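Notes for the one structure printed next.
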Amino acid sequence: MYVAWVYFVALIATIVCTTGACSMFDTRGVALLERPPDAQLKGSISRPDKPFVEGPPGTPYARSSFSATEGHYVIEVRDLLVAPAQQGISVEAMGAGVLEVRDGTGSVMIGNKTMAVSMGATFFVSEGDKIRIESRGGPMILRAHFFKNR
């Protein structure tokens, strides 16, 4: 009698679990969306206003906000991209500058001084300084503000 009762309880539990599991996948009469026509599957035609372009020498950068002349100073704002597969990029400061790490981590070498930087770090350079930037682990994006006396 005890064995029959155990089988009965196991059978009821199996029925309840199966019914509950099947009801989770019930579509309740709602079908899946149909595939759109091929004419609507075209890629986006939007392009960024200021895409990254090849800079001198081998440095991908985009002129970001502006390049303007204010008073006796020329001001240039650049976004620099350092890809993870690159060995690093070299940038020559066209004037005194402030650089901010917008994303990623890596190391920056200014002259013969090397420092580790990560997102949020800022550092400055003098006019004519040679800057070497290397990313670690992933891409690195920096914003550079350069100021030069005309």
*Cross-chain or 6+ apart pairs with Cβ under 8 Å, region 31-42 first and in contact (Cβ under 8 Å) with a residue 40 or more places away in the chain, then of a type in the set (D, E, K, R) and surrounded by fewer than 10 Cβ atoms within 10 Å (Cβ to Cβ)*: none
*With respect to E134, is the statement that it is acidic (D, E), assigned to a strand (DSSP E or B) and modelled with pLDDT under 85 true?*
no
*Just one of the numbered conditions (1) loosely packed, with under 13 Cβ neighbours inside 10 Å; (2) modelled with pLDDT of 70 or more; (3) in contact with a strand residue (DSSP E or B) (Cβ under 8 Å, 6 or more places away or on another chain) is not true of I89; which one?*
(1)
*What number of residues within region 6-28 satisfy the criterion of being outside any helix (DSSP H, G or I) and modelled with pLDDT of 70 or more?*
0
*asked:* I need the full set of residues from region 70-99 which are in contact with a Leu (Cβ under 9 Å, 6 or more places away or on another chain) and within 12 Å of I133 (Cα to Cα), in order please.
replied: L80, L81, V82, I89, V91, L99
*Scan region 82-100 and report the pairs whose first residue is free of Cβ contacts under 8 Å to residues at least 40 places away in the same chain and whose second residue is outside any loop (DSSP other than H, G, I, E, B), with Cβ atoms within less than 7 Å and a gap of 6+ or a chain change.*
E92/K130
*Answer yes or no: is there a residue in region 97-105 that is within 28 Å of R150 (Cα to Cα), in contact with a Lys or Arg (Cβ under 7 Å, 6 or more places away or on another chain) and either of a type in the set (F, W, Y) or modelled with pLDDT under 75 (or both).*
no
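The values are calculated or read from the model by the stated rules, or taken from the named source; none is laboratory data. Since the structure is predicted, the reported quantities are computational estimates derived from the model, not experimental observations. As a convention, Cβ positions derive from the backbone with ideal geometry for all residues, glycine included, and neighbour counts pool all protein chains shown.
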